[in-house]
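See below for the structure under consideration.
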Amino acid sequence: MTANLLDFDLEGLAAFCETLGEKKFRATQLFRWIHQKGAADFSQMSDLAKSLREKLKGAAHLQGLPVITQHESKDGTIKWLFDVGQGDAVEAVFIPEDDRGTLCVSSQAGCAVGCRFCSTGHQGFSRNLSTGEIVAQLWFAEHFLRKHLNREDRVISNVVMMGMGEPLQNYSALVPALRVMLDDHGYGLSRRRVTVSTSGVVPMIDRLGQDCPVALAVSLHAPNDSLRDNLVPLNRKYPLAELLDACNRYLEHAPRDFITFEYCMLDGVNDQPEHAQQLVQLVRRHGGGGVSCKINLIPFNPFPASGLLRSAQHQVSAFAKILGDAGIVTTVRKTRGDDIDAACGQLAGDVKDRTRVGDRIAQQRTVMLKQVPAAARAAKEIQEP
Ligand code: SAH
Ligand code: SF4
């Protein structure tokens, strides 16, 4: 098996080029061909010596992800379902806005954390994506969109690791992928425009701060441990006090001077005024000085197996007002791509889900997974290097 060059950050590619007896600077040329120009074939790389192109053909390949489906929403949102083999699929979603283009990227097929309100969590965990599979989502989307939108300049200005999976439970593949996104010879995205979203894998938050500090979003969803234990099972391992301590440590390295807390609004579960008041106390009082943050309220995207409902609009507004009155910058996320099931937590994980015949299999799989207590599953499958 030859090497897939999408698996390498620039340093890795330089090391690979050295094994071929090539100078390091060749790696930069090659890297630019792949990521900036979207070349998928060594023969296109016209300024590389023919001998090098021949050598590459024998030792390496460029393997993207096959697209199973593509859906474009009325609002311009585009969702791709990519085949990652063995019946698993992951999704990436492009969200255009006036001043930016954001790509939401997946890090795992399924997820082991098992949050109650998340359809990926309900599917259980299949496997980690490789660096190349994470990068392939951006590689494909950027170069597809340039053609689709007839643009020569960069289309994707922001990446959020908010697709399927818990990125900090796939740390060793994540970090090189982030480096490809940030590299000036790659996608040249600023650290502020690349966001890792996590349900709270505390030790990995610390490592990310050391290794590759990008913007951090933390999925909070509850203002106290007993509720969060129930919604985000990982909380039993890393409770709120530890999580917020880690957020404060991260802020010393972060490219932004705040953490974004995500809070999914669940009718009658975590959306009451007392929850908002507790949340104010939590982020204001924690450790004495509080945590510098913004809070993003996410309208829950319902799916039948969750047994949960979206909070009413007036409930969301009342909640936001309590936070706002306490001086906490609060936004309510617009849902995008609703008509193509591209909104948060609606991302499908199994190719079989997409076929009528597969519906029963998918349902059976959900039932089976439900029989395994979510916490046990999370504890068993949490993989920290
Ligand atoms: N595993 C990471 C990143 C992927 S989930 C994390 O949990 O942060 C990205 C965001 O979508 C998270 O904030 C998550 O809580 C939210 N989310 C998941 N399911 C959702 C749903 N059904 N409705 C709304 N938001 C959801
Ligand atoms: Fe995993 Fe995030 Fe979904 Fe929780 S919300 S199950 S951590 S993908």
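When the helices in the chain are scored as -39500 (n - 2.57) per DSSP H run of 4 or longer and the sum is shared across all residues, what 222 nm value do you end up with, to the nearest 500 deg cm²/dmol? If you can, show how the numbers build up before the last one.
Working: 13 runs with 142 residues, N = 385.
It lands at -11000 deg cm²/dmol.
Given a Förster radius of 25 Å and the C-beta distance between residue 147 and residue 333 as r, what FRET efficiency does 1/(1 + (r/R0)^6) yield to the nearest 0.05? Numbers along the way, then the final one.
Working: r = 29 Å, r/R0 = 1.18.
Given R0 = 25 Å and the Cβ-Cβ separation, E is 0.25.
Which translational diffusion coefficient, to the nearest whole µm²/s, is obtained for segment 1-62 from the Stokes-Einstein equation, given a Kirkwood hydrodynamic radius over C-alpha pairs, 4 °C and 1.567 mPa s?
Values: Rh = 11.3 Å.
Taking Rh from Cα pairs, D becomes 114 µm²/s.
With respect to the cross-link table entries 74/334; 37/57; 79/294; 237/321, which display a Cα-Cα separation exceeding 21 Å? If you can, show how the numbers build up before the last one.
Values: 74/334 15 Å; 37/57 18 Å; 79/294 27 Å; 237/321 32 Å.
Those over the limit are 79/294; 237/321.
Enter the accessible area per residue of the chain (Å², integer; probe 1.4 Å; all protein chains in place). Please report the intermediate quantities before stating the final value.
Values: 16470 Å² over 385 residues.
Per residue, the chain has 43 Å² of solvent-accessible surface.
Rounding to the nearest 10 and keeping the result within 0 to 90°, find how far the Cα-based axis of helix 10-19 lies from the longest principal axis of the chain.
30
Taking the Cα atoms of the chain, report the difference between the largest and smallest coordinate on each principal axis, in whole Å and largest first.
That works out to 69, 52, 41 Å along the principal axes.
Which percent, nearest 5, of DSSP beta bridges in the chain are antiparallel?
Counting DSSP beta bridges with both partners in the chain, the antiparallel share is about 45 percent.
For the pair residue 252/residue 69, report the inter-label distance in nm, with labels modelled 7 Å from Cα in the Cβ direction.
4.8
Sorted by mean Cβ packing within 10 Å, highest first, what order do the peptides 58-70, 293-305, 173-185 take?
Working: 58-70: 15.4, 293-305: 18.8, 173-185: 21.5.
Order by mean packing, descending: 173-185, 293-305, 58-70.
Could you list which residues have their amide H under 5 Å from that of residue 267, counting only those 5 or more apart in sequence or on another chain, with H placed in the peptide plane?
Residues meeting the amide H criterion: 309, 310, 311.
Just for segment 48-162, what percent of DSSP beta bridges are antiparallel, to the closest 5? Intermediate results must be reported in sequence, preceding the final value.
Numbers: 20 of 23 bridges.
About 85 percent, rounded to the nearest 5.
Give me P(r) over segment 196-263, computed from all C-alpha to C-alpha distances, binned every 5 Å, as integer percentages.
It works out to 4, 20, 32, 24, 13, 7, 1, in whole percents.
Please list 161-169, 19-27, 75-83 highest first by mean number of surrounding beta-carbon atoms within 10 Å per residue.
On the way: 161-169: 27.2, 19-27: 13.9, 75-83: 19.8.
Those peptides, ordered most packed to least, come out 161-169, 75-83, 19-27.
Expressed as a whole percentage, what fraction of the accessible surface of the chain belongs to carbon and sulfur atoms when a 1.4 Å probe is rolled over the protein heavy atoms? Walk me through the numbers on the way to the answer.
Numbers: 8310 of 16470 Å².
Roughly 50 percent of what the probe reaches on the chain is carbon or sulfur.
Under a Cβ-only charge scheme (Lys and Arg +1, Asp and Glu -1), can you give me the dipole magnitude of segment 151-193 about the Cα centre, in debye to the nearest 20?
Working: 6 positive and 5 negative charges, 28 e Å.
Its charge dipole is roughly 140 debye.
At a threshold of 8 angstrom on Cα-Cα distance, excluding pairs fewer than six apart, so keeping six or more, what relative contact order does the chain reach in percent? Don't skip to the end; give the middle numbers.
On the way: 738 pairs, mean separation 67.0, N = 385.
So the answer I get is 17 percent.
To test your reading of the geometry: what angle, between 0 and 90 degrees and rounded to tens, separates the Cα axis of helix 202-211 from the longest principal axis of the chain?
The angle comes out near 40 degrees.
Can you give the charge dipole size of segment 1-62 about its Cα centre, rounded to the nearest 20 debye, using +1 on the beta carbon of Lys and Arg and -1 on the beta carbon of Asp and Glu? It would help to have the intermediate numbers written out before the result.
Details: 9 positive and 8 negative charges, 50 e Å.
The dipole magnitude comes to about 240 debye.
Please give the peptides 102-108, 50-56 ranked by average Cβ packing (other Cβ atoms within 10 Å per residue), highest first, as a rough proxy for protection. List each step's numbers first, then the result.
Values: 102-108: 26.7, 50-56: 15.0.
So the peptides 102-108, 50-56, ranked by packing, come out 102-108, 50-56.
Ordering 331, 28 by how much accessible area each has at a 1.4 Å probe, largest first, what is the list?
Values: 331 75, 28 35 Å².
In descending accessible area the options line up as 331, 28.
Can you give the angle from 0 to 90° between the axis of helix 240-251 and the longest principal axis of the chain, with both taken from C-alpha atoms, to the nearest 10?
40
Note down the Stokes-Einstein diffusion coefficient of segment 165-287 in µm²/s, whole number, using a Kirkwood radius over alpha carbon pairs, 10 °C, and 1.306 mPa s. Kindly include the intermediate steps, with their values, before the conclusion.
Numbers: Rh = 15.1 Å.
My calculation gives 105 µm²/s for D.
Please list, short to long, the whole-number percent of alpha-carbon pairs of segment 84-236 in consecutive 5 angstrom bins beginning at zero.
Distribution as computed: 2, 9, 18, 22, 19, 15, 9, 4, 1, 0, 0 percent.
Semi-axes of the equivalent ellipsoid of segment 31-108: what are they in whole Å, largest first, if each equals the square root of 5 times a C-alpha gyration tensor eigenvalue?
Details: eigenvalues 189, 65, 17 Å².
Whole-Å semi-axes of the equivalent ellipsoid: 31, 18, 9.
Would you please report the Å³ per residue occupied by the convex hull of the alpha carbon atoms in segment 1-158? Each step should come with its number before you reach the end.
On the way: hull volume 22.1 nm³, N = 158.
Dividing the Cα hull volume of segment 1-158 by its residue count gives 140 Å³.
The values are calculated or read from the model by the stated rules, or taken from the named source; none is laboratory data. Values in this document were obtained by computation on a predicted structure and should not be read as measured data. Positions of Cβ are backbone-derived with ideal geometry, glycine not excepted, and every protein chain shown enters the neighbour counts. Only protein heavy atoms, including side chains, enter the accessible area calculation; ligands, DNA and RNA are left aside. Shrake-Rupley method; radii C 1.70, N 1.55, O 1.52, S 1.80 Å.
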